[in-house]
Amino acid sequence: MKGGLDRVRLSTARLGGESGSPSTAGVLRQTSSQTVRLGRVQPQAPTHRTIYCNDREANLPVRFKGNSISTTKYNILTFLPKGLFEQFRRVANLYFLMISVLSTTPISPVSPITNVLPLSLVLLVSLVKEAFEDWKRFQNDTSINSTPIDVLQGQRWESIPWKKLQVGDLVRVKQDGFFPADLVFLASTNPDGVCYIETANLDGETNLKIRKALERTWDYLAPEKAAEFKGEIQCEQPNNSLYTFTGNLIMEKQTLPLSPNQLLLRGCSLRNTEYIVGAVIFTGHETKVMMNSMNVPSKRSTLERKLDKLILALFGCLFSMCLIGAIGRSIFLVRRTPTTVMIRESHVEKMGKIQEVAYEILNVLEFNSTRKRQSVVCRYPNGRLVLYCKGADTVIYERLGDGNHDMKRLTREHLEQFGSAGLRTLCLAYRELNTELYEKWNEKFIQAKSSLRDREKKLDEVAELIEKDLVLIGCTAIEDKLQEGVPACIETLSRAGIKIWVLTGDKIETAINIAYACNLINNDMKQFIISSETNAIREAEDRGDTVEIARVIRHSVKQDLNRCLEEAQQYLRTISGTKLALIIDGKCLMYALDPNLRANLLNLSLNCSSVVCCRVSPLQKAQVTSLVKKGARKITLSIGDGANDVSMIQAAHVGVGISGLEGMQAVMASDFAIAQFRFLTDLLLVHGRWSYLRLCKVITYFFYKNLTFTLTQFWFTFQTGFSGQRFYDDWFQSLYNVIFTALPVIIVGLFDKDVSASLSKKYPELYREGIRNMFFKWRVVAVWAFFSVYQSLIFYYFTTAASQAGHNSSGKIFGLWDVSTMAFTCVVVTVNLRLLMACNSVTRWHHLSIWGSILAWFVFIFIYSGIMTPYDRQENLFFVIYVLMSTFYFYLALLLIPVAALLGDFLYQGFQRWFYPYDYEIVQEIHKNDPEDSSRIELLEVANHLTPDEARSYAISQLPREKSKHTGFAFDSPGYESFFASQQGVFAPQKAWDVARRASMRSQQRKPRT
């Protein structure tokens, strides 16, 4: 216990500052004891935390969070209020809640139960669904929290559940096991203190990564030795950055810096290592993976927002009806004598393992998106010190020393050639270091690396001190091959009216070449290029004055934008129809996004058919996306496959992630995920367009059928002197949307298609109708509203007029409930048949749902009219349907009224289709004689008649492959590919490694046999 108190004393003295030299630590220990004697536990510093390894008592006063996690959305106390809040965020539910509340007032003509019951049923089903999903999350959490893990207790490994793990515990993780919390890697059974981990749960990458423990902790492997470990860890507070970590390990009066290379994250698994020992630093919801599990930004579609407006418009319409009724009622009462009126109620360290080949790596200056370069300091066996640096050409050229102009010029020419060939390039450079310079710099580097505050910033500043006066070695170039089908996909999307922008980190020549390969740019286009590679900007950069460089680039960008915008407007005024393309690099884009210039950039970009932004950072990708989204108010879609695309994907209206070689972070942040870029054609032109058409039809139909039903009751108020007498029975209006007209619209929303998938891709211009929002304009809503008024007048006045001369078998005239039941029958039949008229494709499911809904009404009314209880308020409905069906009036009205009601729709649809057809209607007419299974036939033809390139790619994909047995990695052995290909008569393109392998085999064959 005394050791624990000593640790508490030490922690209170070190709060708010960084660990210093051993002498400083001694002073801290002397002054800290006085703090503890006051009996007061000091809080943790806001910038970092102090952890005592293998000592729970010392960590107890800090009250670190436990390791139990909960991913549930609700708990027992918050389920009901939070669940109801989520439901009533929807305008539709809020509207029906208000109607239900109004129905409880004394002035309501309907019974509250008829409104409350359907709303309660909808809410109950939604809440049960939410509860079930949350219960599954709870079960998953329980399973994870109960997973066993070995924890050091005394000198033995004891198995405890994950949820009982505490900060500072030493744990043993065995091969193929998952890390239960964020750990500092201490020791491994592998030599040199390394282990191999799989991070698939974090970024989707299956390639194993190497982590290496500090050499001072390699010995703490056995439980007896690990029990002696009493180190102190000072590290950053919990955060969501998966690839950064700042901390120090203080043991035996020495401060050892910790980096991400010693961090093992929760959710990763151990591979190819018998077991490792680590110290827990972050637990539960403070682990990095849990701090990354945030709520996805709420994205509401245009249709959903317009639906809210439509519901509000419907509410305004109903309010107007009520207002007219109230005014009419007041006038009617004034004209009558006073009387009594009774109102009746009724939701990546990328370096890997560095192998030593005749030199020693002293320092590694890591790559990041800001630096755009990586450097290492090496010591050769003869004592020579050299810094090697690789990075983007723009970054390396800024740091080259004077002289060697021929080499710079030649390399720049090579870069342009490689870029024009579509290759990705890097520049290499070096600098000779003397021992004195290196020692002074290394002291600053160690201080920056040990810093707990702004470590990354300090490391970048220290790197700037040595990454200068470089000597250019040359450049490298590798091929970055496009996925299959990308050019055809982009061409198809362009024909669909979709403007495609490329936001890439490639140099401008590479980006232009890729744009040509993708059919995004062609020689017939007028290209506007805004680049920082101009003589004026280069001269300013050579002078090295940052203020002057910024002024020159800003002035150049402003002039280029104005010039290009004027030229673009001139081209648009001509009748030549020349398409425009804009290419801009990252440096110029940074100034073009300035508030004073972004308007010109946006105007120019919108006038261009294609836009290519090269050398852009992840932040700039998101800024450009937001510029179009908010500035132009256009619907945007971002698609990417790497971690650097995440911000862009989240900034767009729709984010699409490609599950590619760069991990799964883009997929995890996206709204939709696809395997290849070419599948974007099906996602947008087929499923996206179908979904848009279905939603438009469902929403407008809901508006139509409810307005029709409501207006029929509204006309009745004029005949009753605005007395509030209801026309329909309460249960009629309660079940109207729930049973009698519900299933058909669901079937239409699931299965309706105007044209087949193959025709949707054959005629991509059909997508333009969705861009113009042709099917959900207010004009479309007005047409549906007009026919609602027309049909409601037919329903009410035809039934009432015909009933005036009618009588039942006993000679009595028809009463209110006879007429209203007849009118409601006509409404149910007509609105269901109207939906059938709106369908583009009619299947057996459409017939089953429509005729089944009509049948459901008759089954209900037969049962409802045949039952009467003492508590029944609607005794007048007793036996009504039986009386009606015994008269000729019923059958005549049931035949003529729906025909008369639908006659206007029939004539309008025929006139519109004949004289003002939609594009999809034209395609329907062109292919109306095609066989019904043409789409299947086309798919079979595509599968059986592949192009030569597709056939070769498919054959190569079926070849056997072998995996390397290299420890910790799963490298493919591509050399075998061409061997098996040649055996099976399939041509496989030569690769560099094939040439090298064959050369080595030939050299072996030429050796004389002994």
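Values computed for the structure shown
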{"item": "Euclidean distance of C-alpha centroids, the stretch 474-510 and the stretch 431-460, integer Å", "result": "40 Å"}
{"item": "Overall dimensions of the stretch 116-233 as given by Cα atoms, namely Rg and Dmax in Å", "result": "21.0, 71"}
{"item": "Spread of Cα-to-Cα distances over 5 Å intervals beginning at zero, given as percent, for the stretch 442-547", "result": "2, 8, 12, 12, 12, 12, 11, 11, 9, 6, 3, 1, 0"}
{"item": "Lys/Arg +1, Asp/Glu -1 at C-beta; the stretch 462-515 dipole; positive extreme among A511, I490, I466", "result": "I490"}
{"item": "Å² per residue, accessible surface of the stretch 500-569 at 1.4 Å", "result": "51 Å²"}
{"item": "For the stretch 429-476, projected area of the alpha-carbon convex hull averaged over all directions, nm²", "result": "4.0 nm²"}
{"item": "Largest to smallest accessible area among R211, R271, R779 [probe 1.4 Å]", "result": "R779, R271, R211"}
{"item": "Exposure of M407 as accessible area (Å², to 10), given a probe of 1.4 Å and all protein chains", "result": "50 Å²"}
{"item": "Separation of alpha-carbon centers, the stretch 108-163 and the stretch 772-788, rounded to whole Å", "result": "43 Å"}
{"item": "Environment charge at L437 (Cβ cut-off 12 Å; Lys +1, Arg +1, Asp -1, Glu -1)", "result": "-1"}
{"item": "Solvent-accessible area of H847 with every protein chain in place, 1.4 Å probe, in Å² to the nearest 10", "result": "80 Å²"}
{"item": "Cα-based Rg / Dmax (Å) for the stretch 445-502", "result": "22.5, 58"}
{"item": "Nearby lysines by direct alpha-carbon distance to K777 (threshold 16 angstrom, same-chain neighbours under 8 apart not counted)", "result": "K306, K309, K697"}
{"item": "Area of I69 that stays accessible when all protein chains are in place (1.4 Å probe, Å², to 10)", "result": "10 Å²"}
{"item": "Among N600, Q719, C613 the positive-end extreme of the charge dipole of the stretch 592-723 (Cβ point charges)", "result": "Q719"}
{"item": "Size descriptor, Kirkwood hydrodynamic radius, that averages inverse alpha-carbon separations across the stretch 40-190, Å", "result": "20.2 Å"}
{"item": "Where N is the number of residues in the stretch 548-596, Cα Rg divided by 2.2 N^0.38 Å", "result": "1.35"}
{"item": "P(r) histogram, all alpha-carbon pairs of the stretch 481-636 included - 10 Å bins from 0, percent", "result": "10, 39, 37, 12, 2"}
{"item": "Environment charge of K777, counting only residues whose C-beta is closer than 12 Å and scoring Lys/Arg +1, Asp/Glu -1", "result": "+2"}
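The values are calculated or read from the model by the stated rules, or taken from the named source; none is laboratory data. Here the structure is a predicted model, which means the values were calculated and not measured. Note: ideal-geometry Cβ built from the backbone for every residue, glycine included; neighbour counts use all protein chains shown. Quick note on the areas: whole protein, heavy atoms, side chains included, nothing else; ligands and nucleic acids left out. Shrake-Rupley method; radii C 1.70, N 1.55, O 1.52, S 1.80 Å.
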